[in-house]
Every structure is written in structure tokens, then in C-alpha cells.
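Remarks on the structure that follows.
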Amino acid sequence: MAKNHPGAHREGSVGRVLPGRQVLIDDDGVISVRAEHPVNWRYAYCEPGDCERVFGPDGVVRTGDLGYLDADGFLFVLGRTDDTIVLDNGKKIIVRQIEEHLKSSPAIAQCVLYCPAQTELVAVVSPASAPADTAAISAQLAATNRALGGDQYIHRVVLADEPFSIDNGLLTSQYKPRRKQIRAVYQRQLGDPRKGIHAA
């Protein structure tokens, strides 16, 4: 739907919208696309209601991505709607940037953010080594909070008992964390404010 190319490139964007496409962004920042000649109108196999949620009238497709268009027409994608946490103050937090910053430490293989009581962020971390380098993880937690802070402040980190993997059902076949499954496994630790590495 968009593309960067020589002479029309902006770092961090996915490019300008291609001819024959129209990008629509709703009040929640969700990206939809309308095409002059839609490629698809429905999924061949899906759960009831999925087609209606994605494929709208007049060739509009709701992508599930969050983003914005800048003044020059470059499209920026910030994350997915299912990667958004809503705090009790109504503030919406897109977790991808925070997770990427946290796992920039060599001590962290994967991490997933949650908000157990809708008031503070807690990360479940899959350490890169066993035993976990808790000093390095604590240092990265402090660095991430210094860099982002505010509503993006991470109050504590819960260490996973074993690495996230496809075999234990905590990674997808594309090696992405399975958020619901990880939350189910670590629900008790997420809900107990005494557990984990706490921010200084």
C-alpha cells in the first residue's frame, strides 16, 4: 500500500501511498486501505465475524496496524492494535517501542509487556542465558525507564522460568511471542507485586 523509493524516502516510514490506494486513519490511529481494484474481499477460511471485521464496504480493508501520515504523505506504522495497552487514565500505550528498547540488552532474548491492574507496566522477560544475568537485566530496565519514562515506565520485570520457544507454545512459528499464552503461564507472578526485579 506504500513504498519508499529513490527520491521519495523518509527514514522510519514505509513510504508514500501507492497510486490506486487510499489510506484512511481513524480516531484511534487504526490504518485502513481502500483500493480501486481490491485483490480480496474475504478470507477463504476464518472464524465467524473475522471477514466482517477486516473487509468493509467499498473495498476498505482494516489492517489492524496503528500509524499516521505525515504532512508530506509518508506513512508511519507504529504497531498493531493487539499490541496496545490502555491504562486506567485512558492513555493508550503501544508496547512495541518499549519492548524493543528493553530487549536491546544482550541479556534479554524476548520480552512482553502487560498491565495487570491497568495502572503499571510489568514485563515478562525470557533471559538470553541460564542463569539469567539479573544485574544486566536490572540495568537495562533502568536505561529503558530513563529513555522513555512517563506512562511508559516499567515498574518490574518477571523472569521466565524457561526460554520462550515454539516447543513450549510461547513463540509462534515466526518466533514471535504469543502474548495470551505467556500471560496465562505467568498470571500469578504478574499479579503479585512482590515478584520480579523492581525498578529502582
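A short reminder: the numbers here are calculations on the coordinates, not readings from a lab. None of these values were measured; they are calculated from a predicted model. Heads up, the Cβs are rebuilt from the backbone with ideal geometry, glycines too, and the neighbour counts pull from every protein chain shown.
Counting lysine pairs in the chain whose alpha carbons fall under 25 angstrom apart, excluding pairs fewer than 8 residues apart on the same chain, gives 11.
From the square roots a ≥ b ≥ c of the eigenvalues of the alpha-carbon gyration tensor of region 61-176, which class results: rounded (a/c under 1.5), prolate (a/b over b/c), or oblate? Prolate, since a/c reaches 1.5 and a/b exceeds b/c.
Basic side chains Lys and Arg get +1 at the Cβ, acidic Asp and Glu get -1 at the Cβ, and with that the dipole of region 87-198 about its Cα centre reaches some 280 debye.
If you wrap the Cα atoms of region 116-191 in a convex hull and average its projected area over all directions, you get 5.6 nm². Once backbone amide H atoms are built at 1.01 Å from N, Leu170 has Ser165 as its partners under 5 Å, excluding neighbours fewer than 5 places away on the same chain.
Can you give the longest run of the chain that contains no trypsin sites (Lys or Arg not before Pro) sitting in a DSSP loop with at most 14 other Cβ atoms inside 10 Å? The longest such stretch corresponds to 92-193.
Computed over the alpha-carbon atoms, the chain gives an Rg to Rh ratio of 1.02, Rh here being the Kirkwood radius from the mean inverse distance.
Principal axis extents of the C-alpha atoms in region 72-133 (largest first, rounded to whole Å): 46, 33, 14. About the centre of its Cα atoms, the chain shows a dipole size close to 220 debye [charges on the beta carbon of Lys, Arg (+1) and Asp, Glu (-1) only; nearest 20 debye].
Backbone geometry of region 190-198 corresponds, through the Karplus equation with coefficients 6.51, -1.76 and 1.60 at θ = phi - 60°, to 3J(HN,Hα) couplings of 5, x, 9, x, 7, 7, x, 8, 8 Hz, x marking Gly and Pro. Principal-axis analysis of the Cα atoms of the chain puts helix 134-147 at an angle of about 50° to the longest axis.
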